[in-house]
Each structure stands twice: as C-alpha cells, then as structure tokens.
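Asker: The structure under discussion is supplied below as structure tokens; questions concerning it will follow.
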Amino acid sequence: MVYRINHSNINVLLISELLVDRQLATLTKREQEVLDKLLAGNISKQIARELGISTRTVEVHRQNLLRKLGVRSVKELLLHPIARERGE
C-alpha cells in the first residue's frame, strides 16, 4: 500500500499547533484553570466553588481568556483547536 502525504496539510497542522501554544502561553495560571473547567462542562458557579473564588471573578477570567483566544463565546471555544488539545 502506498501512502501519500500532503505536505500543505502537515504545515497547516503545525502552524495551528504553534498558534494554540502561543495563545495558551498568554493565559494566566488561573485562566488556564477556568479554561479546563469550562472545557469539562462546568458552569461559573461550579467553577467558583471549586476554585474558592467568586462567580464574578470566574466571569472576569472567562472574558479575559475568550478575548485572548480570539473567540466570542464558550460555544465557540468548544470548537477552537485548543479544546481538542486540552481534551486529550
């Protein structure tokens, strides 16, 4: 069997991974914690309780991480390549 490798697809994947890594690097530790909990399906109240912070603080972290990742909503975040990478 002969396999063909499409180099342009590999380049796109590598660039996408690099961008995801750079975007993740801009997040604070707390924003990353909130991100992980959002990706796990938790709502702000649950996240606040688990992290020992107020719901409003969770919302601020959520707004900041969405802005840094270039998405407008948690729904859009779930479709972002970062969701696949963090979910592995």
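Asker: Of all residues in the range 22-44, which are among the β-branched types (V, I, T) and surrounded by fewer than 17 Cβ atoms within 10 Å (Cβ to Cβ)?
Answerer: Answer for the range 22-44, where residues must be among the β-branched types (V, I, T) and surrounded by fewer than 17 Cβ atoms within 10 Å (Cβ to Cβ): T26, T28, I43.
Asker: Based on what the data block shows, is S16 over 18 Å from S73 (Cα atoms) and either of a type in the set (G, A, S) or at pLDDT 95 or above (or both)?
Answerer: For S16, the condition - over 18 Å from S73 (Cα atoms) and either of a type in the set (G, A, S) or at pLDDT 95 or above (or both) - is met.
Listed here are the residues, each with its yes/no results for (1) closer than 17 Å to E17 by Cβ; (2) assigned to a loop (DSSP other than H, G, I, E, B); (3) under 11 Å from the mean Cα position of the chain (by Cα).
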residue	(1), (2), (3)
K37	no, no, yes
V58	no, no, no
L66	no, no, yes
V71	no, yes, yes
R84	yes, no, yes
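Asker: Also, quick follow-up: Hey, can you tell me all the residues within the range 21-35 that are assigned to a helix (DSSP H, G or I) and either within 13 Å of L66 (Cα to Cα) or at pLDDT 85 or above (or both)?
Answerer: Selection gives R22, Q23, L24, A25, T26, K29, R30, E31, Q32, E33, V34, L35.
Asker: Next up: List the residue pairs whose Cβ atoms are under 7 Å apart, where the first residue sits in the range 45-74 and is surrounded by fewer than 16 Cβ atoms within 10 Å (Cβ to Cβ), the second is part of a helix (DSSP H, G or I) and among the β-branched types (V, I, T), and the two are 6 or more positions apart or on different chains.
Answerer: Every condition considered, the pairs that remain are K45/T55.
The values are calculated or read from the model by the stated rules, or taken from the named source; none is laboratory data. Remember, predicted model here, so these are calculated numbers, not experimental data. Positions of Cβ are backbone-derived with ideal geometry, glycine not excepted, and every protein chain shown enters the neighbour counts.
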